[in-house]
Amino acid sequence: MEYIPLNFPFLAAALLAGISFYIIIFRKNLIKLIMGVGMMSSGVNLFLVALGYRAGGNVPIYTDVPEGPMVLSVPQALTLTSIVINVAVLALMLSMVINVYRHTGSLDSEKSRKMKG
Amino acid sequence: MRKIAGLISWLVLVAFLVSGMLLLHPFGYPTPSDMDDYIIENAQEETGSNSVVASVVFDYRGFDTLGEATILFTAVTGVLLLLRTRKRKEESS
Amino acid sequence: MLSKIVRTVANQLILFILTFGLYIIAHGHLTPGGGFQGGAVVVSGVVMLLVAFNSQELKKSLRERLLTIMESTGALIFAILGFVGIGTTFFYNILVGSPVFGRIPPSGAGPGDFWTAGYIPPMNFAVGLKVIAGLTAVVLALALFASGEEVEE
């Protein structure tokens, strides 16, 4: 296989996580904050799958697979778990934001921070 | 002031992430893979499943999947609980 | 409610989407896929129905209470199948070698046999039932709330 310089997939995962950190720290809108959390989960998933890649590997499923090495299978199972947990967290956060909007009337995180009444 | 503090913390986080990624093994050549080699070799005889990922999810790491199912159940219960109380609030206020 | 063309196409397409989702759930031990992925495919079909029709229209045929019972049933089947092999270890695959789902495929690449893999296909069905019911309940609750309707139990 050709050599990919400088661990490029790992750097892409780090970049995705960095952008999502920027969104989470600096944005005030709660919906954008939820989008940032989803982006961070995408970065983590990309990192996990890239961590288990073996050069020239096939999928670890024996049904009509061509000859050759197989990629590591435990990181892929962990990614599956991570995706499902991400769905659960996103659904819970969205309903929480709906409740916040119903109580305070705005999506600004500065205003909903005060928790009055 | 808070913006500057946030920027500094973000820069530290990104520097940490990027330096950690640069220190990893080269892409495509994972170093310790004994457990995965054992699972890939023995999954067909031990679980009878052709798909190694399915045998990892449901057999070798079944306890993990049980916790995952619990998380999904808790999230659905929480969403239904959070979105249910609308009518009562309007009546009381 | 969208136009008549969209409603007709959604009516015809939902059968194929449900069949594809059930295929992915049933062949989770042979091909890429499984309970979670197939459940997500089925729920995407439900979302298509939600977009094409009203959420009140769907509420007549989908009770949230029934969905909660379905999800609990899936989780219960999963936990019981995990506890069956408690004599050896937790989550011991006791069905390998038995007449049901007990065949062992020849090692190496092959076409694959449906009656293999021990308790993995029943577990896939349980998890698929759980994901279908749970995500449908969540999506339906969000849609009903957005349309200003009361979400019941």
Legend entry - Kirkwood Rh (inverse of mean 1/r, distinct Cα pairs), chain C, angstrom: 17.2
Legend entry - Å² of accessible area per residue within segment A:66-117, as computed with a 1.4 Å probe and no ligands counted: 57
Legend entry - For A:76-82, mean number of other protein chain Cβ atoms within 10 Å: 6
Inset, instruction - Could you pull the accessible area for C:PHE53 with a 1.4 Å probe, rounded to 10 Å²? - result: 40
Legend entry - For B:ASP37, solvent-accessible area (1.4 Å; no DNA, RNA or ligand), Å²: 60
Legend entry - Given charges at beta-carbon only (K, R positive; D, E negative), |dipole| of chain C in Debye: 280
Inset, instruction - Report the accessible surface area buried between chains C and B, summing both sides, using a 1.4 Å probe on protein heavy atoms only, in Å² rounded to the nearest 100. - result: 3000
Inset, instruction - Just check segment A:16-92 against the gyration tensor rule for me: Cα atoms, a ≥ b ≥ c as the square roots of the eigenvalues, rounded for a/c under 1.5, and otherwise prolate or oblate depending on whether a/b exceeds b/c. - result: prolate
Inset, instruction - Taking a probe of 1.4 Å and counting only protein heavy atoms, give the total accessible area buried between chains A and C in Å², rounded to the nearest 100. - result: 1000
Inset, instruction - Determine the shielding of peptide A:101-109 by partner chains: average, over its residues, the number of Cβ atoms on other chains within 10 angstrom of each Cβ. - result: 1
Inset, instruction - Run the 1.4 Å probe and let me know the accessible area of C:ILE104, rounded to the nearest 10 Å². - result: 90
Legend entry - A:ILE83-B:ALA15 pseudo-label distance in nm [points 7 Å out on the Cα-to-Cβ vector]: 3.7
Legend entry - Of the trypsin sites (Lys or Arg not before Pro) in segment A:1-89, those whose Cβ has at most 15 other Cβ within 10 Å and which sit in DSSP loop: A:ARG27, A:LYS28
Inset, instruction - Using only Cα atoms, tell me the angle between helix C:120-146 and the longest principal axis of chain C; keep it within 0 to 90° and round to the nearest 10. - result: 20
Inset, instruction - Give, rounded to the nearest 20 debye, the magnitude of the charge dipole that chain A has about its Cα centre when Lys and Arg contribute +1 at Cβ and Asp and Glu contribute -1 at Cβ. - result: 980
Inset, instruction - Mind jotting down the distance between the C-alpha centroids of segment C:102-131 and segment A:1-79, whole Å? - result: 27
Legend entry - Stokes-Einstein diffusion coefficient of segment B:2-92, Kirkwood radius over Cα pairs, 4 °C, 1.567 mPa s, in µm²/s: 70
Inset, instruction - Using only Cα atoms, tell me the angle between helix A:8-26 and the longest principal axis of chain A; keep it within 0 to 90° and round to the nearest 10. - result: 0
Inset, instruction - Report the dimensions of the protein assembly as shown along its three principal axes from the alpha-carbon atoms, largest first, rounded to Å. - result: 67, 54, 48
Legend entry - Per-residue average of Cβ from other chains inside 10 Å of B:14-25: 5
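With every protein chain left in place, what is the accessible area per residue of chain B in square angstrom, probe 1.4 Å?
It amounts to 58 Å² per residue over chain B.
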Inset, instruction - Can you tell me the dipole magnitude for the protein assembly as shown around its Cα centre, using point charges on the Cβ only (Lys, Arg +1; Asp, Glu -1), in Debye to the nearest 20? - result: 2140
Legend entry - Most positive-pole-ward Cα, A:VAL65, A:TYR53, A:SER95, against dipole of segment A:49-117 from beta carbon charges: A:SER95
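Chain pair A, B: how much accessible area is buried, both chains summed, with a 1.4 Å probe, in Å² to 100?
Buried area (both sides, nearest 100 Å²): 4200 Å².
Show A:VAL59, A:VAL87 ordered by accessible area, largest first, where the area counts protein heavy atoms only and the probe is 1.4 Å. Write out the running numbers ahead of the final one.
Details: A:VAL59 85, A:VAL87 60 Å².
The most accessible residue leads, giving A:VAL59, A:VAL87.
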Legend entry - Carbon and sulfur %, accessible surface of the protein assembly as shown computed with the full protein complex present, 1.4 Å: 70
Legend entry - Which listed pairs, of A:LYS32/C:LYS130; A:LYS32/C:LYS60; C:LYS59/C:LYS130; A:LYS32/C:LYS4; A:LYS32/A:LYS111; C:LYS4/C:LYS130, have C-alpha distances above 24 Å, in listed order: A:LYS32/C:LYS130; A:LYS32/C:LYS60; A:LYS32/C:LYS4; C:LYS4/C:LYS130
Legend entry - Å² per residue, accessible surface of chain C at 1.4 Å: 49
Legend entry - Selection of trypsin sites (Lys or Arg not before Pro), segment C:1-89, meeting DSSP coil and at most 11 other Cβ within 10 Å: C:LYS60
Inset, instruction - Starting from the Cα of C:VAL51, step 7 Å along the direction of its Cβ; do the same at B:MET35; then give the gap between the two resulting points in nm. - result: 4.0
Legend entry - chain C: relative contact order in percent, alpha carbon pairs under 8 Å with at least 6 residues between: 29
Inset, instruction - Starting from segment A:1-82, pick out the chymotrypsin sites (Phe, Trp or Tyr not before Pro) whose DSSP state is loop and whose Cβ has at most 10 other Cβ atoms within 10 Å. - result: A:TYR3
Inset, instruction - Along Cα→Cβ, 7 Å out, is where each label goes; now give me the distance between the ones at C:SER72 and C:THR19 in nm to one decimal. - result: 3.5
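The values are calculated or read from the model by the stated rules, or taken from the named source; none is laboratory data. Everything numeric here is computed off the predicted structure, so don't read it as measured data. Positions of Cβ are generated from backbone atoms using ideal geometry, with glycine treated the same way; all protein chains shown enter the neighbour counts. We work out accessible area using only protein heavy atoms, side chains counted, and drop any ligands, DNA or RNA first. Shrake-Rupley method; radii C 1.70, N 1.55, O 1.52, S 1.80 Å.
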